[in-house]
């Protein structure tokens, strides 16, 4: 029997949360991504707990123990216990009694097995008790150890329960799968067969899921499978992976918006419900990657990160090596300060003419790669005018 020995499990707060439930006569296990990530040696950000206790029982037990309880998802059986400022999400065992491809009607369950079989992938249905003993009702541990993303039981059934699982299948492979092993053929076929189901999902959910995929260190294999299966075209008509593959060869940073610019596609902002900030960055990168604006100018006008992303996107798009000295160009542009102020120009230049004059002088300065003094700029401009 495999056991875990992890600091988060032996921590006093975790042990107290678990023992508070088990001492009251209920089952309590750390579950899902927490167990998965520890087995993989990946970071753990949240501790999720699954229990046989009903939400009202969980609340009463913890309040009696002097532990704060917040009803964060009471309709779905979830409350959050807060101990010394640390949150623990606690969810009652559940089973689905009705699904429509977007959401499920759940019923509380008394068994770990029923709770496990309503989950998506085998690697996400692992449980661990306070002693570190792992419970594996669906055979997920072997899949996890070989880094193989597999649906629980029938993939078609799992996908029809929630069509977002199509995107989660690719996202989980991007983050946790073994590219040498490849994607599960049965799962991939099911995703292709049910691609129409993506149309009924909220675009906020779709966008959030896809950006998580694009944030993975190396999502290329998952993206390629999405393209070949028709999922990518359904998600973003006109999108393609060629430039993303080239970005990977250039060892670009895993910036999801940069990768989104490389993928292309129609109506991306609307289809993924991007935020205003994300949209502004995407639009800027799309323009910059196809423009002739110098690296220095991009860095000066938009900052070093945008200029750096544009350098990588241009090289990937045109399949060329990164330009020599590009880092120095980004540094020059991002640290340059325009030396001329409105007060430096004659008082006779005012209103719109003043703005035009400053822009013209600034462009001369940029064209000279910032290597012109204020006096030279003013002398040249006033002499020309």
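Need the failing condition index for residue 341 against (1) farther than 29 Å from residue 179 by Cα; (2) more than 20 Å from the chain's Cα centre (by Cα); (3) buried (at least 17 other Cβ atoms within 10 Å of the Cβ), just the number.
Exception for residue 341: condition (3).
Condition first: surrounded by fewer than 19 Cβ atoms within 10 Å (Cβ to Cβ) and without any contact (Cβ under 8 Å) to a residue 60 or more places away in the chain. Now tell me which residues in region 199-219 satisfy that.
Those that are surrounded by fewer than 19 Cβ atoms within 10 Å (Cβ to Cβ) and without any contact (Cβ under 8 Å) to a residue 60 or more places away in the chain: 199, 205, 208, 212, 215, 217, 218.
Only one of 165, 147, 171, 205 is touching a helix residue (DSSP H, G or I) at 6+ places or on another chain (Cβ under 8 Å) and not in a helix (DSSP H, G or I); which?
Only one candidate passes the filter, namely 147.
Would you be able to say whether some residue in region 131-141 is in contact with a helix residue (DSSP H, G or I) (Cβ under 6 Å, 6 or more places away or on another chain), crowded, with 24+ Cβ neighbours inside 10 Å and in the same structural domain as residue 30 (by TED's automatic domain parsing)?
Yes, region 131-141 has at least one match.
Pick from region 1-24 the residues that are closer than 23 Å to residue 57 by Cα and in contact with a helix residue (DSSP H, G or I) (Cβ under 7 Å, 6 or more places away or on another chain): which of them is surrounded by the most Cβ atoms within 10 Å (Cβ to Cβ)?
Residue satisfying both the conditions and the ranking: 21.
Within region 58-69, is there a residue that is in contact (Cβ under 8 Å) with a residue 60 or more places away in the chain, in contact with a strand residue (DSSP E or B) (Cβ under 7 Å, 6 or more places away or on another chain) and outside any loop (DSSP other than H, G, I, E, B)?
no
Would region 327-344 turn up any residue that is in the same structural domain as residue 250 (by TED's automatic domain parsing), touching a residue at least 60 places away in the same chain (Cβ under 8 Å) and farther than 30 Å from residue 204 by Cβ?
No, that holds for no residue.
Go through (1) part of a helix (DSSP H, G or I); (2) over 18 Å from residue 125 (Cβ atoms); (3) touching a residue at least 40 places away in the same chain (Cβ under 8 Å) one by one and return the number of the condition residue 75 breaks.
(3)
Considering only region 314-341, how many residues are closer than 19 Å to residue 366 by Cβ and in a loop (DSSP other than H, G, I, E, B)?
Matching residues across region 314-341 total 8.
The values are calculated or read from the model by the stated rules, or taken from the named source; none is laboratory data. Quick caveat: nothing in here was measured; it's all calculated off a predicted structure. A quick note on method: Cβ atoms are made from the backbone with ideal geometry, for glycine too, and the neighbour counts reach across all protein chains shown.
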